[in-house]
Amino acid sequence: MTGGAPISPDPLSTARLPALFIADLHLSAARPQTAAAFFDFLSGPARRAGSLFILGDLFEYWAGDDDAGSPFNQKVCLALRELAANGIAAFFMPGNRDLLAGDGLAASSGMHLLPDPASVRFGAQTLLLSHGDALCTDDLSYQAYRQQVHDPVWQTGFLAQPLDTRREFIEQVRNRSETAKRGKRADIMDVNTDAVANLLRAHGYPALIHGHTHRPGHHTYMLDGHRCERYVLADWHDHPAWLTYDYAGFSVYNHIPATKEE
Ligand code: MN
């Protein structure tokens with residue numbers, strides 16, 4: 001296998017089936033219904049799972065691990081810790097909203113952090129996990145911003161600022177981003193077909209699971225003679241939805257549009 005950051009095999013070896021996959025919850029104190037749905041999910045379906053994978057944008061934003069101290073974030077971390085205490089391994093891959101989540105969040109929540117992308121194997125099946133924003137390569141202004149905020153030097157400088165200053169900066173970026181999105185064509189905010197193909201090729205034609213685009217679906221591709229699948233996770237704005245993988249295959253719980261062939 002080539003490409004992607006090396007990951008320690010240890011935490012992922014604790015992943016058991018059925019595995020549940022969610023992304024783009026955008027949790028915040030301002031959306032109590034979504035938070036309530038997440039807490040119900042953690043104490044219900046997730047408790048009956050073997051493992052839980054959260055593929056980014058769990059939080060509306062995460063200004064740094066000292067943000068774990070707010071009452072709302074503490075409640076989220078406590079609920080996740082209870083899941084871990086019940087023996088369900090939980091994994092978290094930061095998205096663009098919570099890219100500053102680090103060891104502090106892992107310690108508070110009991111989740112294992114994953115790099116983006118990360119692959120996990122269950123029997124003969126390899127699942128490749130990604131948040132998905134790195135695949136939206138047609139959105140050049142977003143990719144320039146992404147490169148900046150992933151720069152370790154930028155991150156160190158940013159995290160050195162007071163928490164309130166960081167929160168203010170993030171609010172401004174969010175407002176600018178919402179304005180910019182309204183002026184962008186919808187298709188440039190979706191994943192780029194070549195970027196997906198390159199990623200699948202580099203990882204040996206796995207099944208890809210990602211979020212970020214808020215365009216839930218199941219896509220199948222024939223690539224270099226291999227049949228590949230791409231599952232796009234739903235956001236939780238209107239209703240919770242999750243993808244389950246078990247030895248019997250994939251199933252989607254809650255609302256997802258019908259399968260599309262490409
Ligand atoms: Mn995202």
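The values are calculated or read from the model by the stated rules, or taken from the named source; none is laboratory data. Because the structure is predicted, anything quoted here is derived from the model rather than measured. Please note: Cβ atoms are built from the backbone with ideal geometry, for glycine as well, and neighbour counts cover all protein chains shown. The accessibility values were calculated without ligands, DNA or RNA, using every heavy atom of the protein model including side chains. Shrake-Rupley method; radii C 1.70, N 1.55, O 1.52, S 1.80 Å.
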*Taking helices (runs of 4 or more DSSP H) that do not extend beyond segment 23-137, which have at least 1 residues that are within 16 Å of the ligand (Cβ to nearest atom)?*
32-43
_Quick check on LEU140: is it aliphatic (A, V, I, L, M) and surrounded by 13 or more Cβ atoms within 10 Å (Cβ to Cβ)?_
no
*Given the conditions (1) touching a Phe, Trp or Tyr at 6+ places or on another chain (Cβ under 9 Å); (2) not in a loop (DSSP other than H, G, I, E, B), report the number of the one that GLN172 does not fulfil.*
(1)
_Candidate set: segment 66-86, residues that are at pLDDT below 95 and among the acidic types (Asp, Glu); chosen: the one most open to solvent (accessible area, probe 1.4 Å)_ = ASP66
*Can you tell me which residues in segment 201-217 are away from the ligand (no atom under 16 Å from the Cβ) and open to solvent by 30 Å² or more (accessible area, probe 1.4 Å)?*
ARG201, ALA202, GLY204, TYR205
_Odd one out for ASP224, checked against (1) within 16 Å of the ligand (Cβ to nearest atom); (2) surrounded by fewer than 13 Cβ atoms within 10 Å (Cβ to Cβ)_ = (1)
_Selected residue (only one of VAL173, VAL252, VAL191 is modelled with pLDDT of 90 or more and either out of contact with any Ser or Thr (no Cβ under 6 Å at 6 or more places or on another chain) or surrounded by 12 or more Cβ atoms within 10 Å (Cβ to Cβ) (or both))_ = VAL191
*Scope segment 208-225; condition part of a strand (DSSP E or B) and of a type in the set (Ser, Thr, Tyr); matching residues*: THR220, TYR221
*Please determine, by comparing only the residues of segment 152-164 that are free of Cβ contacts under 8 Å to residues at least 12 places away in the same chain and surrounded by 12 or more Cβ atoms within 10 Å (Cβ to Cβ), which one is farthest from the ligand (Cβ to nearest atom).*
GLN161
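Of the residues ASP190, ASP238, ASP224, which single one is acidic (Asp, Glu) and within 28 Å of ALA124 (Cβ to Cβ)?
It is ASP224.
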